[in-house]
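Below you'll find the structure, written out as C-alpha cells, and then a few comments.
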Amino acid sequence: MQLERLERGVAVDSCPRCHGVWFDHGKLKEALQVRISERANPRALSEACRTRLMCPDCQQALFERSFMPPSNVKVNQCARCAGTFVTRSELKKASEFLEPLRRQQRGA
C-alpha cells in the first residue's frame, strides 16, 4: 500500500496493483463529504461474506457488505477497526449515490 491524497485532501492508502483504496475509520465519509455512519451493523457483518482480503491494520479478514443497501455499492470492511477497502469504481458509484444526500445536508 502507498500513501495517496484524494482530491479532497483526504490521506488514504492505495494498492498499486489493483488501485483500490483503504480508508481508516472516519476517512470514507470525509472523502465523500457526507455525514454517514461507516461502521456496519454487527448483524450486517455476521451475514456478510468473509473475503480473502486482509485488513492492513488488524490483519483480520475483511467482510464484503453493501455500503448502503439501496445503493448496490459493495465495500470490504474490517469487523475490528471498521476500516474499509473500496475499489475505485465502487467509490465512484458511492459518490454518485450520495450526491442528493450531500445537497440535502448542505441545505441546497
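Taken together, the values in this text are just the output of simple stated rules run on the coordinates, not laboratory data. Computed from a predicted model, the values in this text were never measured in an experiment.
Largest GNM mean-square fluctuation across LEU91, LEU28, LEU53, computed for the chain with C-alpha springs under 10 Å, falls on LEU53.
Just need the relative contact order of the chain here, percent rounded to a whole number, with Cα pairs under 8 Å and 6+ apart. Don't skip to the answer; put the middle values down first.
On the way: 165 pairs, mean separation 24.6, N = 108.
With pairs under 8 Å counted, the relative contact order is 23 percent.
Translational diffusion coefficient, Stokes-Einstein: compute it for the chain using the Kirkwood radius over C-alpha pairs as Rh, at 20 °C and 1.002 mPa s, and state it as an integer in µm² s⁻¹.
Details: Rh = 14.1 Å.
For the chosen part, D equals 152 µm²/s.
Less than 5 angstrom separates the built amide H of ALA82 from none of the residues sequence-distant by 5 or more or on a different chain.
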